[in-house]
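The values are calculated or read from the model by the stated rules, or taken from the named source; none is laboratory data. Worth saying up front: this structure is predicted, and the values here are computed from it rather than measured. Heads up, the Cβs are rebuilt from the backbone with ideal geometry, glycines too, and the neighbour counts pull from every protein chain shown. Please note that ligands, DNA and RNA were not included when accessible areas were found on the heavy atoms of the full protein model with its side chains. Shrake-Rupley method; radii C 1.70, N 1.55, O 1.52, S 1.80 Å.
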Amino acid sequence: MRLVHTKSIDPGTKLAKAVYNEKGKILIQKNIELTRRMLNRLIQYNITYVYIKDAFTDDIEVNPPVSEEVRIEAYQMIKSTFSDFNKESFHSNSFLFDNSSRMNNIVQEILRQIQNQDEVVSILSDVFVNDNYVFNHSLNVTIYSLALGTELGLNRSKLEELGLGAMLHDVGKMFIPQNILQKQSRLTEEEFEIIKGHTESGFEFLRNTPNVPLLAAHCAFQHHERIDGSGYPRGLKDKEIHPHARLLGIADVFDAVTSDRVYRDAMLPHEGLEILYAGAGTLFDKELVEAFRRTIAVYPNGLTVELSDGRTGVVARQNNNLCERPVIRVLEEHGVEIPPYELDLSKQLDVVVSSCRTALGKEKIK
Ligand SMILES: [Fe+2]
């Protein structure tokens, strides 16, 4: 299968992976030929990329980091938790109080599945249409944080604390009026101040909910703090920020820029990483950014890449110790189609990925 930009697909192309809604219901079945109407629906849902069937890449596999069942269960859990609150007070989350052990079980299951995966994490493999960005984002941040925490060698109880903190880090967003939260144009200074308040309200809310560890409340409080002191709400610096919150900040930003949004296309993983590297040492811990790079598929399976020596191909498999050097199924040399063969970039160190192509055909969509 091949990863392509939705807007570049012609009718008649076959989808290689089904598209689901948040309840796990299939919206568009795999293997059927896409009609113009289906394509318009995908675009309407703001889905930037999908996997399509393609003769040369039919055997290339794409594995989601967690199973569909767990993703749906976790999503519903986050949705129920975030929906059970009282706008007037920060004192009542009876759902979370009653279900904290269920939430812990979900964190443990996500962790188990991530640790049993033999490939690095690629969330692009899940095409889910969601009714609320915050819910899906909370789940993705949990997956990224647990993968990064595992890479850093955190022990089991630290990973479980981190997973819970990640799941609940944006719970304060529920106190923000929807018209501000979903605004597509530039926020006014006043509106931005209201958005910033989700850190404090999330903290208050979680620390007043019995059964939730105080550390999870601090994850909500501190995940927008940056090591140079430029973050919010308190402008904490370096080690003043809890290690979990420093880690969460990285997962949070990466997921935000690589997710589909109403007002812009999702960035590809290597572009999201560039954003993190731009802030490495100032906004984010350099070592954490380095470690994060080792946990994700920088060039995910199925992505069409152009190589520095004029060859073009599709990523076939990951090399987990060298995430930016996967195995490429070469399909073209200097623009001429050739019988496909595989090139392992971990063994061909003089060749690098120079660009990615997500539009079908020769044209690039940017
Ligand atoms: Fe946030």
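Scan the stretch 142-181 residue by residue and report those that are farther than 18 Å from E287 by Cα and of a type in the set (F, W, Y). Listed by number, the list holds a single entry, F175. Quick check: is even one residue across the stretch 110-119 open to solvent by 20 Å² or more (accessible area, probe 1.4 Å), closer than 30 Å to A18 by Cβ and among the basic types (K, R)? Among the residues of the stretch 110-119, at least one is open to solvent by 20 Å² or more (accessible area, probe 1.4 Å), closer than 30 Å to A18 by Cβ and among the basic types (K, R), which makes the answer yes.
Of everything listed in (1) closer than 16 Å to H224 by Cβ; (2) more than 13 Å from the ligand (Cβ to nearest atom), the single unmet condition for R186 is (1). Put simply, of I227, I194 the only residue that is open to solvent by 10 Å² or more (accessible area, probe 1.4 Å) and away from the ligand (no atom under 14 Å from the Cβ) is I227. Annotation: of all residues in the stretch 144-158 being aliphatic (A, V, I, L, M) and touching a helix residue (DSSP H, G or I) at 6+ places or on another chain (Cβ under 6 Å), the one that is most open to solvent (accessible area, probe 1.4 Å) is L152.
Working carefully through the options L124, L111, find the one that is away from the ligand (no atom under 14 Å from the Cβ), within 28 Å of L268 (Cα to Cα), in a helix (DSSP H, G or I) and touching a strand residue (DSSP E or B) at 6+ places or on another chain (Cβ under 9 Å). It would help to see each step written out before you state the result.
Working: L111 fails: touching a strand residue (DSSP E or B) at 6+ places or on another chain (Cβ under 9 Å).
After applying the criteria, what remains is L124.
The single condition among (1) surrounded by 15 or more Cβ atoms within 10 Å (Cβ to Cβ); (2) assigned to a loop (DSSP other than H, G, I, E, B); (3) in contact (Cβ under 8 Å) with a residue 24 or more places away in the chain that I72 does not meet is (2).
Let me confirm something: among E200, E161, which residue is open to solvent by 50 Å² or more (accessible area, probe 1.4 Å) and either without any contact (Cβ under 8 Å) to a residue 60 or more places away in the chain or within 13 Å of the ligand (Cβ to nearest atom) (or both)? Step through it out loud before you land on a result.
On the way: E161 fails: either without any contact (Cβ under 8 Å) to a residue 60 or more places away in the chain or within 13 Å of the ligand (Cβ to nearest atom) (or both).
Going through E200, E161 in turn, just one is open to solvent by 50 Å² or more (accessible area, probe 1.4 Å) and either without any contact (Cβ under 8 Å) to a residue 60 or more places away in the chain or within 13 Å of the ligand (Cβ to nearest atom) (or both): E200.
Test L168 against the criterion of being open to solvent by less than 10 Å² (accessible area, probe 1.4 Å), within 16 Å of the ligand (Cβ to nearest atom) and under 18 Å from S83 (Cβ atoms), and give yes or no. Spelling it out, L168 is indeed open to solvent by less than 10 Å² (accessible area, probe 1.4 Å), within 16 Å of the ligand (Cβ to nearest atom) and under 18 Å from S83 (Cβ atoms). Can you confirm whether H218 is within 11 Å of the ligand (Cβ to nearest atom), at pLDDT 90 or above and either touching a helix residue (DSSP H, G or I) at 6+ places or on another chain (Cβ under 9 Å) or open to solvent by less than 20 Å² (accessible area, probe 1.4 Å) (or both)? When the stated conditions are applied, H218 does not pass them.
A quick yes/no check of all residues on (1) more than 20 Å from N63 (Cα to Cα); (2) in a strand (DSSP E or B); (3) open to solvent by 40 Å² or more (accessible area, probe 1.4 Å):
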residue: L3; (1), (2), (3): no, yes, no
residue: K7; (1), (2), (3): yes, no, yes
residue: D10; (1), (2), (3): yes, no, yes
residue: K17; (1), (2), (3): no, no, yes
residue: Y20; (1), (2), (3): no, yes, no
residue: K30; (1), (2), (3): no, no, yes
residue: N40; (1), (2), (3): yes, no, yes
residue: I43; (1), (2), (3): yes, no, yes
residue: N46; (1), (2), (3): yes, no, yes
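In the set (1) more than 20 Å from the chain's Cα centre (by Cα); (2) under 22 Å from M267 (Cβ atoms), F292 fails one condition alone, (1). When every residue of the stretch 259-270 is checked against the conditions, at least one turns out to be within 16 Å of the ligand (Cβ to nearest atom), surrounded by 15 or more Cβ atoms within 10 Å (Cβ to Cβ) and modelled with pLDDT under 95.
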